[in-house]
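K.L.:
I am attaching a structure below and will ask some questions about it afterwards.
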Amino acid sequence: MTDKASPASARLGLRPGVVTGADYRRLVETCRDEGYALPAVNVVGTDSINAVLEAAARNRADVIIQLSNGGARFYAGEGMKDAQQARVLGAVAAARHVHTVAAAYGVCVILHTDHADRKLLPWISGLIDASATAVEETGSPLFSSHMIDLSAEPLDDNIAECASFLRRMAPLGIGLEIELGVTGGEEDGVGHDLDDGADTAHLYTQPEDVLKAYEALSPLGFVTIAASFGNVHGVYAPGNVKLRPEILRNSQEAVARATGAGEKPLALVFHGGSGSEQAKITEAVSYGVFKMNIDTDIQFAFASSIGRYVQDHAEAFSHQIAPSTGKPTKKLYDPRKWLRVGETGIVARLEQAFADLGATGRSVARAV
């Protein structure tokens, strides 16, 4: 991996900002084909969105911004009583914020929604409707892609439901991410915690399932695949699960043999990347992973940075007039102070992520 500009950076020269349709596909395939990946960050407000964009600009790297259903609801405000309405409106509001400011940071952004199981399909449907309106008004959808996670259901049901959604999404320029096999742990209400000693066989996707999904869905639109290879959401004790990136290699080989679609026909996703060994990350990326989710690490970077700040200025968070000096403490507890500290924590953690994934200096956005 290198931090030098890739050949595609000069060749593609995509317009900076949110990429959709053909440009989204070109960015994903460039990452896959040139052997690097982009970090995917779950955001909950303008603070986390702006920090992600700042980090991407500083590292001359493209990035993936995504919303879980809970993050979208939080963006709209926890005071909104209708949770379904809040999920849709929050995601739309976040998308419009990213569309408004992303281009000014000079990088390309993939805008995505995270895990949506059966009960959350109305959320995705509402966002597709919102993108249809956006296409009529601006020519572009709100989101680059959506994830549907029916991995806990029978494979045929998973594929059939994803196909019905992809038929609506593809004409709008929206891609689909599908999960095959089960990523351990829980992500914002989807999935379940992984118990010590539990049977983990379901964490390893079979290549024949990947082939079946690819053959059914790829003729309908652009599909990326989260194939499970022992990965889990969150950070677990060493030895609880074992990453087996060779499953990704085997899946690529199975699809390549059956379809003749090239050496790495699949665009693969690595869920639960937080806390993973660098060697396993590098191996996974070499097999065609273009995206790695690191939500847990980013949350901790934000929270721990703020926690240290509060500890260092404890008096200000208890007293508006400092007992020790008799002076006002407003400049210390001003939200812009400690929220900014959290943002810089995100920026620092993402700098490491861009380097780990080989994305530093490889933005395909043209200079403006």
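The values are calculated or read from the model by the stated rules, or taken from the named source; none is laboratory data. Small disclaimer: the values here were computed from a predicted structure and weren't measured. Heads up, the Cβs are rebuilt from the backbone with ideal geometry, glycines too, and the neighbour counts pull from every protein chain shown. Note: areas computed on protein heavy atoms with side chains; ligands, DNA, RNA excluded. Shrake-Rupley method; radii C 1.70, N 1.55, O 1.52, S 1.80 Å.
K.L.:
What is the set of long-range amide H partners of residue 177 at a cut-off below 5 Å, with H atoms built 1.01 Å from backbone N?
P.N.:
Correct list: 146, 147, 148, 224.
K.L.:
Taking the Cα centre of the chain as the origin and placing charges on Cβ (Lys, Arg +1; Asp, Glu -1), which of 99, 285, 141 is farthest toward the positive end of the dipole?
P.N.:
After comparing all options, I get 99.
K.L.:
Sorted by accessible area (1.4 Å probe), largest first, how do 351, 136 line up?
P.N.:
If we order 351, 136 from most to least accessible, we get 136, 351.
K.L.:
In deg cm²/dmol, rounded to 500, what helix-only [θ] at 222 nm does the chain give when every DSSP H run of at least 4 residues adds -39500 (n - 2.57) and the total is split over its residues?
P.N.:
Mean residue ellipticity at 222 nm (helix-derived): -15000 deg cm²/dmol.
K.L.:
Report the accessible area of residue 280, computed with a 1.4 Å probe over the heavy atoms of all protein chains in place, in Å² rounded to the nearest 10.
P.N.:
Per-residue accessible area (residue 280): approximately 60 Å².
K.L.:
Additional query: Using 0.36 nm times the number of residues separating residue 54 and residue 257, minus their current alpha carbon distance, what extension gain do you get?
P.N.:
68.9 nm
K.L.:
Express in Å², to the nearest 10, the accessible area of residue 33 obtained by rolling a 1.4 Å probe over the protein heavy atoms while all chains stay in place.
P.N.:
Approximately 100 Å² of residue 33 is accessible to the 1.4 Å probe.
K.L.:
Modelling each spin label as a point 7 Å along the Cα-to-Cβ direction, I'd like the residue 317/residue 246 distance in nm, to one decimal.
P.N.:
Reported label-point gap for residue 317 and residue 246 is 4.8 nm.
K.L.:
Here's a follow-up. Run the numbers for residue 348 and residue 15: contour at 0.36 nm per residue of separation, minus the present Cα-Cα distance, in nm.
P.N.:
Net length gain for the segment: 117.3 nm.
K.L.:
Right, another one. May I ask you to derive the FRET efficiency for residue 208 and residue 168 from their Cβ-Cβ distance with R0 = 45 Å, giving the value to the nearest 0.05?
P.N.:
FRET efficiency, residue 208 to residue 168: 0.95.
K.L.:
Could you name the lysines in cross-link range of residue 212, using Cα to Cα under 21 Å and dropping any fewer than eight places away on the same chain?
P.N.:
Cα-Cα hits under 21 Å: 264.
K.L.:
Here's another thing I want to ask about it. Among 72-84, 37-49, what's the highest-first ranking by average C-beta atoms within 10 angstrom per residue?
P.N.:
Descending mean neighbour count gives 37-49, 72-84.
K.L.:
Using protein chains only and a probe of 1.4 angstrom, how many square angstrom of residue 333 are accessible, to the nearest 10?
P.N.:
Number for this one is 60 Å².
K.L.:
What is the calculated FRET efficiency for residue 78 to residue 161, with r their C-beta to C-beta distance and R₀ = 35 Å, to the nearest 0.05?
P.N.:
0.75
K.L.:
Could you give the Stokes-Einstein D for the chain in µm² per second, using the C-alpha Kirkwood radius, 4 °C, 1.567 mPa s?
P.N.:
Translational D for this selection: 62 µm²/s.
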